[in-house]
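Written below as structure tokens is the structure these notes are about.
Derivation of every value follows stated rules applied to the coordinates shown; laboratory data play no part. This is a predicted model, so every value here is computed, not measured. Glycine gets a Cβ as well: all are built from the backbone with ideal geometry, and neighbour counts include every protein chain shown.
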Amino acid sequence: MYGVEVLVNEHDQIMRMANVMRRASLHVLNGGDLVVQDFDHMVDFVRNYADQHHHRKEEKLLFDYMVKELGNIGINLVKHGMLVEHDLGRLYMAELDQALRAYENDADNSDAKLDIITNTTAYTYLIKRHIAKENEVVFTFGEKNLKEESKAYIDKQTKIIEEEAQEIGVQVKYMGILEELEKKYLV
Ligand SMILES: [Fe+2]
Ligand SMILES: [Fe+2]
């Protein structure tokens, strides 16, 4: 199913960013420079690529149909599982953003530094578990049980969203940010 292939492929990119975020946190923990702009780029990637571009497709297409067509199992997997975790990720990013602004105002603020490392790392744990569940359980269940016409609709809409995003350069922009941060932190 094309719609699921696109999501699984995006998971690979999001996992790469999660690895960068862990390495950058370790760098700071070991006494390296805390470069606010790099962490701002991580927040930007998570908010606009992982959340806006990727989660939007899950929420508006695949998960929406799973809730409508797959009874209580669909509702539980999506509403009490995946959507709760999407929200938790947004909370970590809000806390991280706030801590970055506090650190920017006062580089001696070690509470802010701790909150930066904590929220960055917490997000990586959350998103790795979340992606594993989606890849191994949620997507497989949806793909196996949704109506053929729903799957065709999801595929078609996914294609439209991907093309529209390409036109405004979303994928190119965020792959650029990812590669730049990998070069810096994965050495
Ligand atoms: Fe998700
Ligand atoms: Fe996902």
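Values for this structure:
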| read-out | value |
| --- | --- |
| Lysines with Cα under 28 Å of Lys173, excluding same-chain neighbours fewer than 8 positions away | Lys57, Lys60, Lys113, Lys128, Lys133, Lys156, Lys159, Lys183, Lys184 |
| The chain: angle of helix 110-133 to the longest principal axis, Cα-based, in degrees nearest 10 | 20 |
| Order of Asp12, Asp155, Asp38 under a 10 Å beta carbon neighbour criterion, fewest first | Asp12, Asp155, Asp38 |
| Distance (nanometres) between label positions extended 7 Å along Cα→Cβ at Lys128 and Tyr153 | 3.8 |
| Cα-based helix-to-principal-axis angle, 2-29 vs the chain, degrees rounded to 10 | 20 |
| Residue order, fewest to most beta carbons within 10 Å, for Ser110, Ser25 | Ser110, Ser25 |
| Burial ordering of Thr118, Thr124, Thr140, fewest other beta-carbon atoms within 10 Å first | Thr140, Thr118, Thr124 |
